[in-house]
1. Check whether at least one residue in region B:152-161 is assigned to a loop (DSSP other than H, G, I, E, B), buried (at least 17 other Cβ atoms within 10 Å of the Cβ) and in contact (Cβ under 8 Å) with a residue 24 or more places away in the chain, and report yes or no.
2. Whether any residue in region B:5-25 is in a helix (DSSP H, G or I), away from every other protein chain (no Cβ under 14 Å), open to solvent by 20 Å² or more (accessible area, probe 1.4 Å) and more than 28 Å from B:Val177 (Cα to Cα) is what I want to check.
3. So if I check each of A:Val52, A:Val99, which one is open to solvent by 70 Å² or more (accessible area, probe 1.4 Å) and not assigned by TED's automatic domain parsing to the domain that holds A:Gln142?
4. Quick one: would you say A:Ser73 is out of contact with any Pro (no Cβ under 8 Å at 6 or more places or on another chain) and open to solvent by 10 Å² or more (accessible area, probe 1.4 Å)?
5. Quick one: in region B:26-43, of everything that is surrounded by 18 or more Cβ atoms within 10 Å (Cβ to Cβ) and over 21 Å from B:Ser84 (Cα atoms), which residue is nearest to the other protein chains (Cβ to nearest Cβ)?
6. How about region B:166-184: which of its residues are surrounded by 12 or more Cβ atoms within 10 Å (Cβ to Cβ) and either assigned to a loop (DSSP other than H, G, I, E, B) or not assigned by TED's automatic domain parsing to the domain that holds B:Tyr56 (or both)?
7. Between a first residue in region A:147-164 that is at negative phi and a second residue that is hydrophobic (A, V, I, L, M, F, W, C) and surrounded by fewer than 21 Cβ atoms within 10 Å (Cβ to Cβ), which pairs have beta carbons less than 6 Å apart while being 6 or more apart in sequence or on different chains?
Amino acid sequence: MPEELKVRKIECGVVLDKLPPFTSITALKILGLPYNRPENSSEYVIIPLMNVESKSMGRKDILKIEGSRDLFSLVEKKSGALALISEEIMINIIEDWKVVQKYHPNVPNHIIGLVNCPHYNCITNKSKEGNDNYSTKFEVIQRMPLEIECIYCHTRLKRREILENLIV
Amino acid sequence: MYAGYSDLIVIRHSKDGAARLASEYSIKPNTGEIVPVINGGDGQNQHPTQTMLDLYTIEKELGKLKGLHIALVGDLKYGRTTHSLLFGAAMFGMEISLVAPQQIQMPEKHLVKVKELYDVNPKFHNSIEDIISDVDVLYMTRIQKERFPDINEYRKVANAFVLNSKLMELAKEKMIVMHPLPRTNEIKPEVDKDKRAAYFKQAENGVPIRRALMYKVLEVV
């Protein structure tokens, strides 16, 4: 952590580092943590740092979440979705004030129920008359740069469109 | 649940991907047996059995597929028959031209995929007249007025995509005109008498082709 950030260390929790600028709120949404609703009380302390200077990235976001060890499995479970923001994100697991594990998230080969298909006529989009709502399924076509394809209507999405259509 | 009642499901649906989705659920509840699903046309996506009978018709009428020049004409954006035929024609080594107003040209996603799969780069044209003398197969489809936000835009382009006897004079002696039917005004009735008009034979060919497909899928032959 750059010294000038003046944000204290956390005792137990998770730090998501190297988030692209202004994506920390998206990361919070993916994790399902409350970020804008006071009524959803939580014991977690959430510290989003937005658009801070970074040697490697120019600018970046950092998301610190302090709480219990439950956070470790939560973040691991959601790491596939976090990777849709960027696979460069560094997930730091903190225990007793120390980083005990760090890893990058990976985009899974099959992306199920994480991204809406933007094609209005795709079967995964609810029809006017029907109540059925089917889970979306995408396959990774290309990893660098990321491109995914809806297995139903073959609509392809690049990173920016993926973020615009995240189910959060 | 239809899987429990049947040995084969043919689905025609207004939504893209409906057949694919149906195939994920087509399992007999008692035995776990998989019931095959045939896509009879899904939304704006694909119409694979139409392409099977289209390719059969070309082969039957012209004796081959490879190397022939096919022009897909009309609503290439929303028309599922042309999406499937783009892939079918590319798969069998045909030269492909796409003839449509810019607003309803072939979607980029299909062009990218056909390039990836078959290294095919179709050519683009703005009118039938530009291309008719060069093609072996003229594949007509309907342009729907409602696809254009402005009716004047439609009027401007619509005539460039209507086939009449005068245009047929520019066509090769040995070529065929196809259409997935039903047609509206994009092929004038006067063309029906032309020996190169193959669209009614094409429609009839759907019977043996779909029959053969069902036999094959049910493994009864």
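1. As a first pass, look at region B:152-161 and keep what is assigned to a loop (DSSP other than H, G, I, E, B): none.
Scanning region B:152-161, I find no residue that is assigned to a loop (DSSP other than H, G, I, E, B), buried (at least 17 other Cβ atoms within 10 Å of the Cβ) and in contact (Cβ under 8 Å) with a residue 24 or more places away in the chain, so the answer is no.
2. Taking every residue of region B:5-25 in turn, at least one turns out to be in a helix (DSSP H, G or I), away from every other protein chain (no Cβ under 14 Å), open to solvent by 20 Å² or more (accessible area, probe 1.4 Å) and more than 28 Å from B:Val177 (Cα to Cα).
3. On the way: A:Val52 fails: open to solvent by 70 Å² or more (accessible area, probe 1.4 Å).
None of the others qualify; the one that does is A:Val99.
4. On the way: out of contact with any Pro (no Cβ under 8 Å at 6 or more places or on another chain): yes; open to solvent by 10 Å² or more (accessible area, probe 1.4 Å): yes.
Yes.
5. Per the criteria, the residue is B:Ser26.
6. Step one: list which residues in region B:166-184 are surrounded by 12 or more Cβ atoms within 10 Å (Cβ to Cβ), which gives B:167-168, B:170-172, B:175-181, B:183.
Across region B:166-184, the qualifying residues are B:Leu170, B:Ala171, B:Lys172, B:Met175, B:His179, B:Pro180, B:Leu181, B:Arg183.
7. A:Glu147/A:Ile141; A:Ile148/A:Val140; A:Glu149/A:Ile141; A:Arg159/A:Leu146
Yes or no, residue by residue, for (1) within 14 Å of chain A (Cβ to nearest Cβ); (2) over 17 Å from the mean Cα position of the chain (by Cα):
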site	(1), (2)
B:Thr57	no, no
B:Ala71	no, no
B:Ser84	yes, no
B:Phe87	yes, no
B:Ala100	no, no
B:Ile104	no, no
B:Leu111	yes, no
B:Leu117	yes, yes
B:Val135	no, no
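The values are calculated or read from the model by the stated rules, or taken from the named source; none is laboratory data. What you are looking at is a predicted structure, and each value in this text was computed from that prediction instead of being measured. Every residue, glycine as well, gets a Cβ built from its backbone with ideal geometry; the counts of neighbours run over all protein chains shown. Only protein heavy atoms, including side chains, enter the accessible area calculation; ligands, DNA and RNA are left aside. Shrake-Rupley method; radii C 1.70, N 1.55, O 1.52, S 1.80 Å.
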